[in-house]
Amino acid sequence: MAMPQRRGGRGGRNGSEPVYSEDLAEEICDRLAEGEPLAEICRDPHMPPEKTVRMWARQRTEPDARTGTDPFASRYTRARSIGYERLADEVLSLGDASIVHNGEPNNALVQYHRLMSENRKWLLSKMLPKQFGDKVTQELVGDADRPLVTRIELVPVDPRPIVDVTPAKKPRKQRIRKPSGSPA
């Protein structure tokens, strides 16, 4: 009895590795560009595991010789970037959304939208720091006529004497034994 295949076409040794195809790659990139997480995409029965897609993104850096299409790695990177921009649009939508339930402001909805917005902003600041990260500046201020000089100098230092800080042992009292036959 043949085992039903959970995922799409298989190749490699014993049919254990998913077969790369341009149609599969295009669908993955389209869904990433829509902002769908890779883990969610790979849960579909016809999709390869997430680990395999990440491996394709690292290894497939040359254009396809048969079709002449861009390498999967560059298409994957562009799709990710577009997906992140979509997340930025979601942050704006979350901020503009109505937080009213039955005509009254709903505090739970406010907190929910705030959490969703903050999570997306944090992710964007880490994944695309040039666009969405905090701007950090460093400024050196000094006299224009006297430029800042950095100097490292080796200065000889007299060694300090070693001081013994361990407590001195008290001499033990020795008991003098008296001979057993002598009077006290």
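The values are calculated or read from the model by the stated rules, or taken from the named source; none is laboratory data. These numbers come from a predicted model, not from an experiment. Reconstructed Cβ throughout: ideal geometry from the backbone, glycine too, with neighbour counts over all protein chains shown.
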| Out of curiosity, is Leu87 at pLDDT 85 or above and loosely packed, with under 12 Cβ neighbours inside 10 Å? | no
| query | For the range 1-38, which residues satisfy the criterion of being at pLDDT 80 or above, closer than 16 Å to Glu50 by Cα and surrounded by fewer than 13 Cβ atoms within 10 Å (Cβ to Cβ)? | reply | Ser21, Pro37
| task | Out of the residues in the range 111-135 that are among the aliphatic types (A, V, I, L, M) and surrounded by 13 or more Cβ atoms within 10 Å (Cβ to Cβ), state the one that is farthest from the chain's Cα centre (by Cα). | result | Met116
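Matching residues to (1) under 30 Å from Glu118 (Cβ atoms); (2) in contact with a strand residue (DSSP E or B) (Cβ under 8 Å, 6 or more places away or on another chain); (3) at pLDDT 75 or above:
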| site | (1), (2), (3) |
| --- | --- |
| Lys130 | yes, no, yes |
| Lys135 | yes, no, yes |
| Gln138 | yes, no, yes |
| Ala144 | no, no, no |
| Ile152 | no, no, yes |
| Val155 | no, no, yes |
| note | In the range 32-66, anything without any contact (Cβ under 8 Å) to a residue 24 or more places away in the chain and closer than 20 Å to Met127 by Cα is listed as Pro37, Leu38, Ala39, Glu40, Ile41, Glu50, Lys51, Arg54, Met55, Ala57, Arg58
